[in-house]
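A short worksheet on the structure shown next.
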Amino acid sequence: MTMIPPGLLPEGLSDRLPPQAEASARLTRRVLDTVASHGYERVMPPLAEFEETLVGRLKSVRAQDLVRVVDPVSQRSLALRPDMTAQVGRIAATRLAGMARPLRLSYAGPVIRLKANQLRPEREKLQLGAELIGSDGVAAAVEIVNVAIEALQAAGVTGITIDFTLPDLIDALAAGPLPLAAEEIEAVRSELDAKDAGALVAISPQAAAYLPLIEATGPFHAAMERLEALDHALGGAIASRIAGLRAIAKPIGWDINLTLDPTERHGFEYQNWFGFSIFAEGFIGEIGRGGSYAIAHADGTDEPAVGFSLYPDPLIDAGFGSDSPRRLFVPIGADAARTAALRSEGWHTVAALGAGEDGASLRCSHWLDGAEPRAY
């Protein structure tokens, strides 16, 4: 058998080394502290669950897409989590079912996928987020979107864009003012996602009626006007959704870019009336998403919820959260009380363990000269 080199890791998995590991922890702390300041309490679900339990709550991932193992204790299949939102939903529906609503929960931890995507080759990702459980109304949506923005700003992110979508819009229109045959619905969704007007028209005359939704895409206010024009032609069939989006967008700061793609479905398979993606200037692909959804309870009822998840690995790779700490080299024999006082002031002290150590080579910017730090 070929010997695996000791430093080799499976494809898509990697180590985080100094200073990125500390940057990751610092960015996570800033996000969680911001979320906690709005009343969200942290939960810590396990890395693996019974496969059947986890799959039952994952609406956008199939069992064959999970990393699975056999539990040597129960002899049952376990799955490593590809998403923490489903686990938070399980906790809310079981362990915390008796707590007062609305219930505000936050979380942070690694998730792992069986396969990576083309934009990000990593199979293991850091996921941070917050869920507001018990309501999916406009007030709850306003809160969750603005908490997500505030958390990113606290982490130093600028140039933020929020792209809104209406995940169940096609279903609502197909069942009402713009009827479609059952076999046409998925095709219409696909062509709207691709923004392919010609292919949409080729499906059927009924499908062609969805063409205005392609035009209702782009900068938020102009796109909303086109969506409102369509709604007027349909007799106000989606007026409540439009009013909801207007209300969510209203309190968002002027420095945040807003866009609309009303038929975007990729990544929003389990959201219902509204969803949003988060982008940041200088980064390819989204760094987070959120929206409204339903949590299934054991008695067959569904509970409304709204939340967001951030995937900050690209931010960490780009240096966000990597504020360099002040590292101070402490020679042998230095005053312990003075060294402790400097740590309380924010210095990171690196104590010499033997003669001849070089603080600069230990990545220290200063050394302790008697009682005072001196720059190298």
Taking 7 Å along the Cα-to-C-beta vector as the label spot, tell me the Ala351-Met3 distance in nanometres, rounded to one decimal.
-> 3.9 nm
In debye to the nearest 20, the charge dipole size for the range 1-149, taken about the Cα centre with +1 at each Lys and Arg Cβ and -1 at each Asp and Glu Cβ, equals 80 debye
When Lys and Arg each count +1 and Asp and Glu each count -1, what net charge do the other residues less than 11 Å away from Pro46, Cβ to Cβ, add up to?
-> +1
Counting DSSP beta bridges with both partners in the chain, what percentage is antiparallel, nearest 5?
-> 80 percent
Computed FRET value (nearest 0.05) for Arg42 with Ile332, which takes r as the C-beta separation and R₀ as 41 Å = 0.50
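For the chain, what is the charge dipole size about the Cα centre, in debye to the nearest 20, if Lys and Arg each add +1 at the Cβ and Asp and Glu each add -1 at the Cβ?
Computed charge dipole of the chain: roughly 900 debye.
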Acute angle (nearest 10 degrees) that the helix 182-194 long axis makes with the longest principal axis of the chain, alpha-carbon atoms = 50 degrees
Folded to 0 to 90 degrees: helix 138-154 orientation relative to the chain principal axis, Cα = 30 degrees
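Pairs of Cα atoms under 8 Å, at least six residues apart: use those to get the relative contact order of the range 327-375, whole percent.
Relative contact order comes out at 49 percent.
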Can you give the Rg to Rh ratio for the range 12-152, taking only C-alpha atoms and Rh from Kirkwood?
-> 0.98
More than 19 Å apart: what percent of Cα pairs in the range 237-376 qualify?
-> 69 percent
Label-point separation in nm, Glu52 to Arg374, each point 7 Å along Cα→Cβ | 7.1 nm
Computed FRET value (nearest 0.05) for Phe283 with Ser324, which takes r as the C-beta separation and R₀ as 25 Å | 0.65
Taking amide H positions as placed 1.01 Å from N in the peptide plane, with prolines and chain starts having none, which residues 5 or more places from His348, or on another chain, fall under 5 Å of its amide H?
-> Arg326, Arg327, Leu328
Once both labels are modelled 7 Å past Cα along the beta-carbon direction, what's the His232-Asp358 spacing in nm?
-> 7.4 nm
Between Ala199 and Met99, what FRET efficiency follows from the Cβ-Cβ distance if R0 is 41 Å, with the result rounded to 0.05?
-> 0.25
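Going by C-beta contacts inside 10 Å, put Phe320, Phe276, Phe283, Phe329 in order with the fewest on the left.
Going from sparsest to densest Cβ surroundings: Phe283, Phe320, Phe329, Phe276.
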Any chance you could run the full-extension gain for His221 through Leu13? It's 0.36 nm times the residue separation minus the Cα-Cα distance, nm to one decimal.
-> 70.7 nm
Summed over the other residues with a beta carbon less than 12 angstrom from that of Gly307, with K and R at +1 and D and E at -1, the charge totals -2
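Between beta-carbons, use under 15 Å as the cut-off and find the net charge around Val73, counting Lys and Arg +1, Asp and Glu -1.
-2
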Work the Kirkwood hydrodynamic radius out for the chain: mean of 1/r over every pair of different alpha-carbon atoms, inverted, in Å.
-> 23.7 Å
For the range 192-242 and the range 137-156, compute the distance between their C-alpha centroids and round to whole Å.
-> 28 Å
Any idea what Rg and Dmax come out to for the range 168-262 if you just take the C-alpha atoms, in Å?
-> 13.8, 43
Projected convex hull area of the range 327-375, Cα atoms, direction-averaged, in nm², equals 3.0 nm²
May I ask for the angle, rounded to the nearest 10°, between helix 20-36 and the longest principal axis of the chain, with both axes built from Cα atoms and the value confined to 0 to 90°?
-> 60 degrees
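A short reminder: the numbers here are calculations on the coordinates, not readings from a lab. Worth saying up front: this structure is predicted, and the values here are computed from it rather than measured. Using ideal geometry, Cβ is built from the backbone for each residue, glycine included, and neighbour counts are taken over all protein chains shown.
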